[in-house]
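A quick write-up on the structure given underneath.
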Amino acid sequence: MALTPRLDMRQSQSLVMTPQLQQAIKLLQLSNLELGEFVEEELEKNPMLERDEGQRDRDDDNAAGTDGDFEDGARDGTGETETLESIDFDTAQKAVIEDDARDVDYDNTYSDDSPADGGLDQHQTTSFADAGSGGGSFDPLVPNLEETVSERPSLRDHLNAQLSVDITDPVDRVIGLHLIDMLDEAGYISGDLEAVADLLECDVARVEATLAKLQNFDPAGIFARSLAECLGLQLSEKDHLDPCMQTFLDNLDLVGKRDFKGLAKVCGADSEDVLDMVEEIKTLDPKPALAFEHFITQPITPDVLMRPAPGGGWIVELNSESLPRVLVNNTYYAQVSGQTRSKSEKQYIADQFHSANWLVKSLHQRATTILKVASELVVQQSAFFAKGVQHLKPLVLRDIAEAIEMHESTVSRVTSNKYIATPRGIYELKYFFTQAIAATGGGVHSAESVRHRIKALIDEEAPKKILSDDKIVEILKVEGVEIARRTVAKYRESMKIPSSVQRRRDKA
């Protein structure tokens, strides 16, 4: 056969990940807060997108018999209707889940202005606005926002202020600044003093002398190089660091082992004195720098809301308050496209308009998919919501995927970084997927419910009857749970529960 160049035409099928499909997949795994940031970026880049800041007249839509979930028009302040394509997340989709039925009603709507749904009625909204003095007044009795925010100094600022006052020598100040930079989160020196001396070309003795001055700074125990030194600095400030206490600090490993007899022998004190020193140590702060770390607790914003239905069952709905409101303005597109002349401008406008429409459709699909998955999860775990964690059902992604006829990867993306607010608290959607543990008689138990039972058994144990892992296995087998001892140990360690030996020492 001769090797000659030639052209062939072949037909085949392949899956191509278009940019639009990649965007839809990306939106699916974002939380509502992350989605809001993404939409804000798109609003800045795409002139065809608008933020929906107006209120929809849902009463007219309900009277006309429309579902109100996804509308084609938005009313402006004058009552006129512009030609807009939008997703109305004010009227969130919801599903009513009955106890004995799997039928999910995705087309029902509700008014988020209802007090029962967590919204404000018209009277409440007016009263809230009046309380703010109109929102735009300069009433001197109302403090500014800057006046209401408390500002607390950081650890670095606190130490720098003391450094500028207590140390006057310029060289020692430079050394002090380097030592401040070497502090870790707990307030300990985490580096080598010789490295500082080499960097600044000075003697190590001068660095150590400067460190000794810094160790007198507030808070007490700062700039320590070990736990014993940190505790010793605090005791020294109280004038309680005698030779016996210093020996006690030098043998903190015996305290961890609870070898009080050995401590008494080393310190040359009786057992009562050793217990007094232990109690005094407990009053000290082993991590003095943490008092200056002010972490603002960020509350979890649930993506899905769940509440009991009046006639039984559960109502599952999207949290419309955290969902972005996006509009595509067809009128603006028609005006701009009619005035363009060059091919590049027309192509740009067409691309932006297509991208805006795809974003709206992706948001629609994302909302529908999240609601389907969350509703099926509530159906599958209805016993947990009604009776507690002991009735949590073993569940895997495949179970939900088969029920809603979607791929497992889609369910995995939907349940990542998504939270649901339930009458029993706020849970991540992945919490409801647990492994199955065999039960006596052929049934199964959820791994989470077994873990909860192990914790309950340990919490209820008497100080003189500490349960070993083998004993817990025996109790669980009597209750119908087939589990190995190493599994009990793994669950216990995951809950940060010490071993039976350590618990016996602690409770003694």
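The values are calculated or read from the model by the stated rules, or taken from the named source; none is laboratory data. Given the structure is predicted, the values throughout are model-derived calculations rather than measurements. Cβ atoms come from the backbone with ideal geometry, glycine included; neighbour counts cover every protein chain shown.
Could you give me the residue pairs with C-beta distances under 7 Å whose first residue belongs to region 159-175 and is under 14 Å from Asp218 (Cβ atoms), whose second residue is exposed (fewer than 14 other Cβ atoms within 10 Å of the Cβ) and not polar (S, T, N, Q) wherever it lies, and which are 6+ apart or on separate chains? Listed by first residue and then by second, the contacts come to Gln162/Asp218. When residues in region 230-239 are screened for being touching a residue at least 12 places away in the same chain (Cβ under 8 Å) and either over 17 Å from Asp184 (Cβ atoms) or surrounded by fewer than 16 Cβ atoms within 10 Å (Cβ to Cβ) (or both), 4 of them pass.
Within region 479-502, being over 17 Å from Glu448 (Cα atoms) and at pLDDT below 85 holds for Val501, Gln502. Counting residues in region 318-328 that are part of a helix (DSSP H, G or I) and at pLDDT 80 or above gives one or more.
Strands (runs of 3 or more DSSP E) fully within region 401-508 that include at least 1 residues being in contact with a Leu (Cβ under 7 Å, 6 or more places away or on another chain) and not β-branched (Val, Ile, Thr): 419-422, 444-446.
Selection within region 326-371: residues that are out of contact with any helix residue (DSSP H, G or I) (no Cβ under 9 Å at 6 or more places or on another chain) and basic (Lys, Arg). The member of this set that is surrounded by the fewest Cβ atoms within 10 Å (Cβ to Cβ) is Arg341. The listed residues are Arg505, Arg485, and the only one of them that is touching a residue at least 60 places away in the same chain (Cβ under 8 Å), surrounded by fewer than 19 Cβ atoms within 10 Å (Cβ to Cβ) and more than 26 Å from the chain's Cα centre (by Cα) turns out to be Arg505. When you go through Gly191, Gly187 one by one, which is the residue that is crowded, with 20+ Cβ neighbours inside 10 Å and at pLDDT below 90? Step by step, each of Gly191, Gly187 is checked, and only Gly187 is crowded, with 20+ Cβ neighbours inside 10 Å and at pLDDT below 90.
Please indicate, with yes or no, whether at least one residue in region 303-319 is closer than 30 Å to Phe353 by Cβ and touching an Asp or Glu at 6+ places or on another chain (Cβ under 9 Å). Yes, some residue in region 303-319 is closer than 30 Å to Phe353 by Cβ and touching an Asp or Glu at 6+ places or on another chain (Cβ under 9 Å).
Of the helices (runs of 4 or more DSSP H) lying entirely inside region 215-308, the ones with 2 or more residues being polar (S, T, N, Q) are found at 227-237, 243-250.
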